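Student: One structure, pasted below without further comment.
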Amino acid sequence: MKSIVKVISLGVFLSMGVVANATADRERGEDLKWNETTRAGIAPVDNETYLQECGSCHFAYPPGFLPPQSWEKLMGSMHSHFGENVELSKSVRGTLYNYLLNNSAVRSNFEYSNKIMQGLGNNPAPLRITETHYFIRKHDELTPQMVAGNPEVVSFSNCAACHSKASKGSFKEDEVVIPGYGRYED
């Protein structure tokens, strides 16, 4: 009987430690929020350095579209960033790294970030947003002519070509206008 009481006591003691650690993580802002969806869309980009450095070459993708492991990979391979050598000062690199990780999909309570995290499955750190299950599912009805064959779109990575409110974090289907094809209708 004493051994059962000891086992139960040990279990209660360990449980208290888990709760205390979770509480400490939450107080430091380290809790993973992706399963606590509270807001529609995705958090828009609100970092000037990111907008200037990354947005000067391509659409400044909201960090909530990828998990932190993806952003770590991307920031760790800037010497070969999709075929380009991106040179950043140590200070700028640190600013971008912190912004991307602190606003990644696991740290977001926005709807699209949650759906992206839920669909990662066996691909926990894709290098491209277009490789996520959620993205593929949402764009599966588009034909090659609408995207790659469309000189105003060219690639799925050109979000702003069709999503007129992408810079505001809104990617609603009823706001999609495909150049040369008009409003997208499901």
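The values are calculated or read from the model by the stated rules, or taken from the named source; none is laboratory data. No experiment lies behind these values; they were computed from the predicted model shown. All Cβ positions, glycine included, derive from the backbone under ideal geometry; neighbour counts span all protein chains shown. Surface accessibility is based on the protein's heavy atoms, side chains included, excluding ligands, DNA and RNA. Shrake-Rupley method; radii C 1.70, N 1.55, O 1.52, S 1.80 Å.
Student: Let me check I've understood the local charge: for residue 56, count other residues with C-beta under 14 angstrom from its C-beta, Lys and Arg +1, Asp and Glu -1. What total comes out?
Tutor: -4
Student: Continuing with this model, one more query. Normalised by the residues of the stretch 47-168, what does the relative contact order come to in percent, with Cα pairs under 8 Å and at least six apart?
Tutor: 27
Student: What are the GluC sites (Glu not before Pro) within the stretch 105-186 that DSSP puts in a loop, where the Cβ has at most 15 other Cβ atoms within 10 Å?
Tutor: 141, 152, 185
Student: Note the full-extension length gain between residue 79 and residue 181 as 0.36 nm times their separation in residues minus their Cα-Cα distance, in nm to one decimal.
Tutor: 33.0 nm
Student: Turning to a different aspect of this structure: Output the pairs from 115/168; 73/172; 90/165; 90/168 with a Cα-Cα distance over 23 Å in this structure; if there are none, say none.
Tutor: 73/172; 90/165; 90/168
Student: Let me ask something else about it. Might you report the magnitude of the Cβ-based charge dipole of the stretch 45-186 about its Cα centre, with Lys and Arg at +1 and Asp and Glu at -1, to the nearest 20 debye?
Tutor: Dipole about the Cα centre, nearest 20: 360 debye.
Student: Using the Cβ atoms and a cut-off under 13 Å, what net charge is assigned to the surroundings of residue 78, where Lys and Arg are +1 and Asp and Glu are -1?
Tutor: With Lys, Arg at +1 and Asp, Glu at -1, the neighbours total -1.
Student: Calculate, for the stretch 50-164, the solvent-accessible area per residue in square angstrom, rolling a 1.4 angstrom probe over the heavy atoms of the protein chains.
Tutor: Averaged over the residues of the stretch 50-164, the accessible area is 53 Å².
Student: For the stretch 53-88 and the stretch 133-186, write down the distance between their C-alpha centroids in whole Å.
Tutor: 21
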